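**Q** Quick one: this structure, given as structure tokens, is what I'll be asking you about.
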Amino acid sequence: LELAGPMLLENNLVAKAYASIALYEFIFYGTHENLDYLNSALKMHYGEHGGYAEGTGYSQYIWDDVPYILAALQEAYRSVNKIMPATENKFLKSPYYMIEFSRPVSSYGYIPVEIDDGCTYNPDYRAWAKLTGDANFLAWSEVYPLKPEDGKINPLVAFGFPDETLYQLKPAELPSKS
């Protein structure tokens with residue numbers, strides 16, 4: 001990864017690898033070098049408003065793993081009474097960007113518009129509720145839930161995403177789309 005990361009310009013594959021190794025690294029060594037690398041990759045490819053350089057499909061490819069891993073990493077830090085280093089803010093803006101650039105599709109959910117050659121699908125906003133502490137994402141996930149037959153429910157949901165406390169927060173009104 002040390003050789004491939006810079007050569008591939010820390011693209012989506014590299015970002016996913018950094019995230020996974022960051023979780024392993026913290027659990028076994030208590031360090032965060034790969035989390036720093038992940039943040040560097042996210043900073044490079046996400047724009048100020050949360051859009052991903054390669055488009056929504058590629059952003060969702062990162063979303064398949066990274067939000068869950070970062071949420072698990074938050075729990076790992078919390079379990080040893082440590083504060084996790086900040087996650088790249090441009091990446092944390094990506095779910096807001098994704099909602100803004102999505103549209104309802106009958107029987108599928110609220111699908112991000114394809115602006116690349118990636119295939120978009122109804123995202124799992126529960127992980128974003130946990131990462132950001134924003135109950136609106138939890139409400140959004142209940143309006144447009146994932147379906148098991150879509151094959152997009154990540155096994156890391158078993159780690160307790162989202163937090164029960166988010167269910168007690170009153171979300172603001174969800175965005176309305178015409």
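**Q** Filter region 37-73 for residues that are more than 16 Å from TYR96 (Cβ to Cβ) and of a type in the set (D, E, K, R) and give the result.
**A** Passing the criteria: LYS43, GLU54, ASP64, ASP65.
**Q** Report whether or not ALA129 is more than 19 Å from ALA19 (Cβ to Cβ), at pLDDT 85 or above and crowded, with 16+ Cβ neighbours inside 10 Å.
**A** In short, no.
**Q** If you don't mind, another one. Consider region 66-125. How many of its residues are over 18 Å from LEU42 (Cβ atoms), among the acidic types (Asp, Glu) and modelled with pLDDT of 85 or more?
**A** Going through region 66-125 one residue at a time, the tally reaches 3.
**Q** Scanning region 80-116 for residues that are closer than 14 Å to LEU131 by Cα and of a type in the set (Ser, Thr, Tyr), which turns out surrounded by the fewest Cβ atoms within 10 Å (Cβ to Cβ)?
**A** TYR96
**Q** Here's another thing I want to ask about it. I'm trying to understand the selection: among the residues of region 1-60, which are touching an Asp or Glu at 6+ places or on another chain (Cβ under 6 Å), farther than 20 Å from GLY118 by Cβ and surrounded by 15 or more Cβ atoms within 10 Å (Cβ to Cβ)?
**A** Correct list: ASN34, ASN39.
**Q** Oh, and also: Going through region 74-102 one residue at a time, which ones are charged (D, E, K, R) and not in a loop (DSSP other than H, G, I, E, B)? I'd like the intermediate steps shown before the answer.
**A** Start the filter on region 74-102 by keeping residues that are charged (D, E, K, R), which leaves 75, 78, 82, 88, 90, 93, 100.
Those that are charged (D, E, K, R) and not in a loop (DSSP other than H, G, I, E, B): GLU75, ARG78, LYS90, GLU100.
**Q** Output yes when any residue across region 50-69 is closer than 21 Å to ALA129 by Cβ, assigned to a helix (DSSP H, G or I) and acidic (Asp, Glu), and no when none is. Walk me through how you get there before you give the answer.
**A** Filtering region 50-69 for residues closer than 21 Å to ALA129 by Cβ gives 50-52, 56, 59-69.
Then drop every residue that is not assigned to a helix (DSSP H, G or I), which leaves 56, 59-63, 66-69.
Subsequent filtering for residues that are acidic (Asp, Glu) retains none.
No, region 50-69 contains no residue that is closer than 21 Å to ALA129 by Cβ, assigned to a helix (DSSP H, G or I) and acidic (Asp, Glu).
Here's the yes/no breakdown for (1) assigned to a helix (DSSP H, G or I); (2) at pLDDT 90 or above; (3) within 16 Å of GLN74 (Cβ to Cβ):
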| position | (1), (2), (3) |
| --- | --- |
| GLU10 | no, no, no |
| ALA15 | yes, yes, no |
| ILE21 | yes, yes, no |
| ILE27 | yes, yes, yes |
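The values are calculated or read from the model by the stated rules, or taken from the named source; none is laboratory data. If you're wondering where the values come from, they're calculated on a predicted model, not measured in any experiment. Using ideal geometry, Cβ is built from the backbone for each residue, glycine included, and neighbour counts are taken over all protein chains shown.
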